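Since the structure comes first, as structure tokens, the remarks are kept for the end.
The values are calculated or read from the model by the stated rules, or taken from the named source; none is laboratory data. No experiment lies behind these values; they were computed from the predicted model shown. When we count neighbours, we look across all protein chains shown, and the Cβ atoms used for this are built from the backbone with ideal geometry, even at glycine. Side chains included, ligands, DNA and RNA excluded: accessible areas come from the protein's heavy atoms. Shrake-Rupley method; radii C 1.70, N 1.55, O 1.52, S 1.80 Å.
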Amino acid sequence: MQIGVIGAGAMARALGGGWAAAGHEIYFGARRTEAAGELAADVGYSARGGSIEEAARFGEAVLLAVPVDGLDVILRATAGLDGRVLIDCTNAFEPDTAAPDGAAGFVLAEDAVAERIAATVPTARVVKAFNLCAAEVWADDAREFEGTPLSVPLCGDDPDAVRVVAGLAEDLKLKPFLAGGLHRARYLEAASALTVGLWFAGYDSRAMLPPLSAAFAARD
């Protein structure tokens, strides 16, 4: 598959590099085309680099791997996103200034980034994915922890687009699962703010929940 990656940072390198290694054609696009070209050269395989618009036109699927505060300008100025599967891995974090002394925490700077992306580019097929873990996790070879495969929840309204992103997750040896429509992406964004803050504070977020075999609840 041809995948455009908008961005040249750590997340672009981790996901774009992983897909290149899996055999996909990758085109990195950035405001500084030199940075995109350098990243493509570092990744190797068939990766190329250039402008944001070139990456958008190239990709059957396009990954948004840029800071949240730059999204509107990029999306409004970029042609070629119509009909594309647009993968949103972003989070709108800001420090929790009300956290107790010595505690690390984040809150959301906005409630629903994925919904804003969909409203800005209504002809694109937006899927929220890959936002729960840092780039270093996606770049690492570890894909199983304590016998449980690392999973990626996906939120999107277009079933075909969700299937495409699920396949891309599997290409990275990750386990995709459906987490609902795009209106539920805000919960993935909130979950990321909570769990990342806990990790920074030295707490194991995985310990909050029992495994599926021990989880139970009765519908009211």
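Side notes on the structure shown:
- Whichever residue in the stretch 57-75 is part of a loop (DSSP other than H, G, I, E, B) and under 24 Å from Phe200 (Cβ atoms) and, among such residues, is nearest to the chain's Cα centre (by Cα): Ala65
- Some residue of the stretch 192-210 being assigned to a loop (DSSP other than H, G, I, E, B), surrounded by 15 or more Cβ atoms within 10 Å (Cβ to Cβ) and of a type outside the set (Asp, Glu): no
- Looking across Ala161, Ala118, Ala129, one residue alone is buried (at least 20 other Cβ atoms within 10 Å of the Cβ) and under 17 Å from Gly17 (Cβ atoms). It is Ala129.
- Conditions (1) modelled with pLDDT of 95 or more; (2) out of contact with any Phe, Trp or Tyr (no Cβ under 7 Å at 6 or more places or on another chain); (3) of a type outside the set (Ser, Thr, Tyr); number of the one not met by Ala98: (1)
- Every pair of residues 6+ apart whose Cβ atoms lie under 9 Å, when the first sits in the stretch 114-143 and is within 19 Å of Phe177 (Cα to Cα) while the second is among the acidic types (Asp, Glu) and assigned to a loop (DSSP other than H, G, I, E, B): Arg125/Asp157; Arg125/Asp158; Val126/Asp157; Val126/Asp158; Val127/Asp157; Val127/Asp158
- Residues in the stretch 7-16 include at least one that is at negative phi and assigned to a loop (DSSP other than H, G, I, E, B).
- Some residue of the stretch 19-35 being farther than 24 Å from Val152 by Cα, buried (at least 23 other Cβ atoms within 10 Å of the Cβ) and either touching a residue at least 12 places away in the same chain (Cβ under 8 Å) or more than 19 Å from the chain's Cα centre (by Cα) (or both): yes
- Only residues that are under 15 Å from Ala191 (Cβ atoms), open to solvent by 30 Å² or more (accessible area, probe 1.4 Å) and under 17 Å from the mean Cα position of the chain (by Cα) were counted in the stretch 76-109, giving 3.
- Residues of the stretch 173-191 classified as surrounded by 15 or more Cβ atoms within 10 Å (Cβ to Cβ), of a type outside the set (D, E, K, R), farther than 12 Å from Phe130 by Cα and touching a strand residue (DSSP E or B) at 6+ places or on another chain (Cβ under 7 Å), total: 4
- Screening Cys155 against (1) of a type in the set (A, V, I, L, M, F, W, C); (2) modelled with pLDDT of 95 or more; (3) within 22 Å of Ala14 (Cα to Cα); (4) not in a strand (DSSP E or B) leaves a single unmet condition, (4).
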